[in-house]
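The values are calculated or read from the model by the stated rules, or taken from the named source; none is laboratory data. All values reported here derive from a predicted model rather than from experimental measurement. With ideal geometry, Cβ positions are generated from the backbone for all residues, glycine too; neighbour counts draw on all protein chains shown. These accessible areas exclude ligands, DNA and RNA; they are computed on the full protein's heavy atoms, side chains included. Shrake-Rupley method; radii C 1.70, N 1.55, O 1.52, S 1.80 Å.
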Amino acid sequence: MRSTLCWLAAFYVRLMRATGRWRTKGGDHPAHYLTEGKPFIVAFWHQRLLMMPYTWRSVGGDRPFNMLISSHRDGEIISRTIARFDIKTIAGSTGKGKGGAAALRQILKALKAGEVVGMTPDGPRGPRMRASDGIIQAARMAGVPIFPLTYSASNRKVIQSWDRFILPLPFSRGVFHWGDPIFVDRKLDDEGMEAKRIELENALTRLTQETDRELGLAVIPPAAPDELPKQKRSAIASGETGS
């Protein structure tokens, strides 16, 4: 049953790519990194996961691409689906604990080898469009930039899941949209790391909402303050994080 689900999901992704009219914006900078053999991290919201295999290929990605995927049951389905597009999986998350440390070691190993790692900074359970600090830690330790990335499709269904998952529909106009890289200095203190987390969160939300607006779509807001952990509510109340 699980194999059938993975096959259907991969078939759907290929169908959306084949029937849609897709273009890429902002792809020159990551393409340059790829040409130069420089590793980097790609950040995209969990709701925009579906078309990521083709977003990667839209800038000529031919080096190994690794995606951080949680190790729970849904994560296994995602992992087996993206494997059909020659994308490798790093199992786990960058959260605290033994599993998080193991995943971080794999991320750093892949980046040191010159590969690229994709991460959803609000995954696997949210809050929606609110970045965790794990991706910032990984970028600092590896000394690589983070490229914000999104996609949008003119015809879509928004699933009423925690992340408001985007399901593009056939014969859409689609956009793969890359943002400017975010650099994380190795010497940043805790305050500087938090500022970078907020910078990434704001940049990725702006990029995603801008891309939706270009196609005449309603924007999807980040999780409301009452859906957030207590410390993040305080940051929003004081105007320190994005909308």
Query raised in the report: Which of His177, His32, His46 moves most in a GNM of the chain, Cα contacts under 10 Å?
Result: His32
Report task. Leaving ligands, DNA and RNA out of it, report the carbon-plus-sulfur percent of the accessible area of the chain at a 1.4 Å probe. Result -> 52 percent
**Report entry** Pairwise Cα inverse-distance average, inverted: Kirkwood Rh of the stretch 1-144 (Å)
**Finding:** 15.7 Å
Report task. Count neighbours as other Cβ atoms within 10 Å of each site's Cβ, and list the GluC sites (Glu not before Pro) in the stretch 137-210 that are DSSP loop with at most 11 such neighbours. Result -> none
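I need the shape label for the stretch 1-78. Rule: rounded when a/c is under 1.5, else prolate if a/b > b/c, else oblate, with a, b, c from the alpha carbon gyration tensor. Could the numbers behind the result be given before it?
Details: a/c = 2.34, a/b = 1.45, b/c = 1.61.
It is oblate, given that a/c is not under 1.5 and a/b is not larger than b/c.
When a/c reaches 1.5 or more, the comparison of a/b and b/c decides; with that in mind, is the chain rounded, prolate or oblate per its Cα gyration tensor?
rounded
Charges only on Cβ, +1 for Lys and Arg, -1 for Asp and Glu: so what's the dipole of the chain about the Cα centre, in debye to the nearest 20?
Numbers: 36 positive and 24 negative charges, 168 e Å.
In debye, rounded to 20, the chain gives about 800.
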Query - Entries of Lys38/Lys109; Lys88/Lys112; Lys25/Lys109 with Cα pairs more than 19 Å apart - result: Lys25/Lys109
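Please give the charge dipole size of the stretch 1-132, origin at the Cα centre, charges +1 on K and R Cβ atoms and -1 on D and E Cβ atoms. Round to the nearest 20 debye.
Once rounded to the nearest 20, the dipole reads 260 debye.
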Report summary line: Ordered by number, the chymotrypsin sites (Phe, Trp or Tyr not before Pro) in the stretch 121-180 that occupy a DSSP loop and have at most 14 other Cβ atoms within 10 Å are Phe171
